[in-house]
Amino acid sequence: MPARTAVDLFCGAGGLSLGLQRVGFRIQGAYDNWDRAVETYSANFSHEAQSEPISLSLRLPQASLIAGGPPCQGFSSAGLRRKNDHRNSLVGVFSTLVADHRPPAFLFENVEGFLTGGGGKFVFDLLEPLIEAGYWIHLRKVNAATFGVPQHRKRVIAIGGLGWDPGFPAPTYRAFGAPGAELGSADSLPDAPTLESVLGGLPKATEVASRAPLDDFDHTFAAMKPEDGARAKLLKPGQCMRDLPEKHWHVSYRRRAFRRVMDGTPTERRGGAPAGLRRLDPDQPSKAITGGAVGEFLHPFEDRPLTTRECARIQGFPDEFVFQGPRRDRIQLIGNAVPPLLAQALAEHIAKKLRRAKPCEGKGALLSFIPTLSNGASPALQSVCRRVFTRFEDTQLQAQQLSLWP
């Protein structure tokens, strides 16, 4: 088997595939069941993505790496309705497909909510089938900025080797500009790229009507409502709705800001008020790009929202990459994607390790579990950690180091 072949499950627009290809992986198959994702992927790669539901019956081509980021949502199929069956989630489908096909390595990516979603269910949906199949696994939360992505984007990454230790890549940049961002990376590293550095060189964005036809470059924006325009003029770089006088707060923002208090949610579970409209700081990495970025983020210098192309640049997509469908689908594709630079950093690490790997059958293990970039954890995360450290006893040292084991 060639050392650099890969299958991309839940491929979306292709951010993960793009990073894999940049370091020489040949994509043997890409799969997604959202037609818009399949159209976008197929428009940008020499091979086409396949549009079909990703289920336990899917037969994958042989590859040295299976990679993917399954949504954390329910999954049901005839005969798979038993409570607590790991196969009842798409995470469980991913892990079962890897366990069944037994590639030398796998790569998993997901949102940070994966760790506490379902009370930790998805963590076990991922780990138990793979460890039983013999994989040695590192599961950690990372900030994509520490791998050269110009945004603070916290993601959960798992890397596994079949009977061998794949290790985990060390950060290559120092994150800054957000609370606790510097944790997990050395001061001696170069600073992560700033928003201004990645947006430089773009032509002036064009204002268009909300229903105007879209072009492939996507460097347009719809005019803001007058009240949002007034808010924009008051917001300085780095400021958000909470920094404005209350008379300028949007009705929906006011409702969301106080909803947790009014409904009696316990103080320790409320979290902070939402940011609402925010002007990004040009001298820092961006906030995480999501499907709502064009409605929530203002350009650092101009009184307008970001364009779809600017969001794509912040994610790390090249300007020639085209997105299909209406504006809401295009930004969703961008926001859902694995940043290609993060994918590339992970792929480089795995490719080097694969050259010397000696896959073998045997007992699997959770080699490291680092679920937070801070020195503490929420009650929900602490609960999940206790269960993980109890189920996989070799990780108790990690618990003590992170002060998560009372």
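The values are calculated or read from the model by the stated rules, or taken from the named source; none is laboratory data. All of these numbers come straight from a predicted model, not from anything done at the bench. With ideal geometry, Cβ positions are generated from the backbone for all residues, glycine too; neighbour counts draw on all protein chains shown.
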Answer yes if at least one residue in the range 18-28 is under 16 Å from Ala343 (Cβ atoms), loosely packed, with under 14 Cβ neighbours inside 10 Å and out of contact with any helix residue (DSSP H, G or I) (no Cβ under 6 Å at 6 or more places or on another chain), and no otherwise. yes
Going through the range 295-306 one residue at a time, which ones are surrounded by fewer than 23 Cβ atoms within 10 Å (Cβ to Cβ) and either at pLDDT below 95 or assigned to a loop (DSSP other than H, G, I, E, B) (or both)? Gly295, Glu296, His299, Pro300, Phe301, Glu302, Asp303, Arg304
Within the range 81-90, take every residue that is loosely packed, with under 15 Cβ neighbours inside 10 Å and at negative phi and give me the one that is modelled with the lowest pLDDT. Arg81
Per-region count, the range 20-47, residues within 19 Å of the chain's Cα centre (by Cα), of a type in the set (A, V, I, L, M, F, W, C) and not in a helix (DSSP H, G or I): 2
Of all residues in the range 117-135, how many are among the aliphatic types (A, V, I, L, M) and not in a helix (DSSP H, G or I)? 1
State all residues of the range 123-139 that are among the aliphatic types (A, V, I, L, M) and crowded, with 23+ Cβ neighbours inside 10 Å; if no residue qualifies, say none. Val123, Leu126, Leu127, Leu130, Ile137, Leu139
Number of the condition not met by Ile159 [criteria: (1) modelled with pLDDT under 95; (2) under 24 Å from Cys385 (Cα atoms)]: (1)
Matching residues, the range 337-365, being of a type in the set (A, V, I, L, M, F, W, C) and either closer than 23 Å to Asp8 by Cβ or not assigned by TED's automatic domain parsing to the domain that holds Leu130 (or both): Ala337, Val338, Leu341, Leu342, Ala343, Ala345, Leu346, Ala347, Ile350, Ala351, Leu354, Ala357
Those residues that are touching a Leu at 6+ places or on another chain (Cβ under 8 Å) and either of a type in the set (Phe, Trp, Tyr) or in contact (Cβ under 8 Å) with a residue 40 or more places away in the chain (or both), I need them from the range 221-237; list them, please. Phe221, Asp228, Arg231, Ala232, Leu235, Pro237
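So that you can scan it fast, the table gives a plain yes or no per residue for (1) assigned to a strand (DSSP E or B); (2) surrounded by fewer than 20 Cβ atoms within 10 Å (Cβ to Cβ); (3) more than 20 Å from the chain's Cα centre (by Cα):
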site	(1), (2), (3)
Pro282	no, yes, yes
Arg309	no, no, no
Phe317	no, no, no
Phe321	no, no, no
Gly325	no, yes, yes
Asp329	no, yes, no
Restricting attention to the range 91-122, which residues are of a type in the set (A, V, I, L, M) and surrounded by 19 or more Cβ atoms within 10 Å (Cβ to Cβ)? Val91, Val93, Leu97, Val98, Ala99, Ala105, Leu107, Leu115
